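The values are calculated or read from the model by the stated rules, or taken from the named source; none is laboratory data. These numbers come from a predicted model, not from an experiment. Reconstructed Cβ throughout: ideal geometry from the backbone, glycine too, with neighbour counts over all protein chains shown. Just so you know, the surface numbers come from the protein's heavy atoms only, side chains and all, with ligands and any DNA or RNA stripped out. Shrake-Rupley method; radii C 1.70, N 1.55, O 1.52, S 1.80 Å.
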Amino acid sequence: MKRNLLIALLMTVVTTVLLGIVYPLVVTGIARVLMPTKADGQLIVQNGNVIGASMIGQPFSSPGYFHSRPSAAGNGYDAGNSGASNFGPTNQKLVDRVKGDLATLQAENPGTPVPADLVTTSGSGLDPHISPAAAEFQVPRIARERGMTADAVRQLISKHTEGRQFGFLGESRVNVLELNLELDALHPTVKAASAGTPR
């Protein structure tokens, strides 16, 4: 009996050390060598300051920026509280939010169908991407606010459109933060030029 207890205790200690300490350190070390940017969270640094991560969504509310999709993570884009709202399709809070978002977007771009991802949240609430259709929907506002032609805005969208992963997984997508950073670099707004960080 004592022998079995000792073996169980030793196995617990050994597997905890191997799988809880050694294995994570080895995998992290390999990732840092093979994919240093991804291992560090794909942080985007500007003027020595971390302003975001290309794999974590963040909100943009200023009219001169492409807006991300809505987030239900915490109070919105809270990486410490990732998740969806878990509201069913008939939940009144969800219905009211979507109706409000639809009304706002239809007022911004009358007569144009609103892409679904501009009124729906992702499963994590932290999706950094929007669909090319969602980016296209925002072209008139961006062109007006930035003093650009619609075609120039579309060229930027095209440049930042990522295809399906491995050619068949998922859908084409546009990284909102990276697109907004390039907008600031090429056609800064007065507010963006003074603040240095898009919002």
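Loop-resident trypsin sites (Lys or Arg not before Pro) (DSSP state other than H, G, I, E or B) in the stretch 32-137 with no more than 13 further Cβ atoms inside 10 Å of their Cβ are absent. Within the accessible area of the chain, the carbon and sulfur atoms contribute 61%, probe 1.4 Å, all protein chains present. Across the chain, C-alpha contacts under 8 Å between residues 6 or more apart give a mean separation that, scaled by the residue count, equals a relative contact order of 20 percent. Between residue 19 and residue 42, what is the FRET efficiency for a Förster distance of 25 Å, r being their Cβ-Cβ separation, to the nearest 0.05? Once rounded, the FRET efficiency stands at 0.40.
Label separation (residue 103 vs residue 91): 2.1 nm, computed from points 7 Å beyond Cα along the C-beta direction. Here residue 158 and residue 79 are evaluated by their C-beta separation; at R0 = 25 Å the FRET efficiency comes out at 0.30. Per residue, the solvent-accessible area of the stretch 65-199 (1.4 Å probe, heavy atoms of protein chains only, all protein chains present) comes to 54 Å².
Sort out the exposed loop chymotrypsin sites (Phe, Trp or Tyr not before Pro) in the chain (DSSP loop, at most 13 other Cβ within 10 Å) and tell me the longest stretch that has none.
In short, 1-165.
Put simply, the Cα atoms of the stretch 43-198 extend 43, 38, 36 Å along their principal axes, the longest span coming first. Here the relative contact order of the stretch 68-124, from alpha carbon pairs under 8 Å that lie six or more residues apart, stands at 46 percent.
With a Förster radius of 45 Å applied to the beta-carbon distance between residue 169 and residue 9, the computed FRET efficiency rounds to 0.50.
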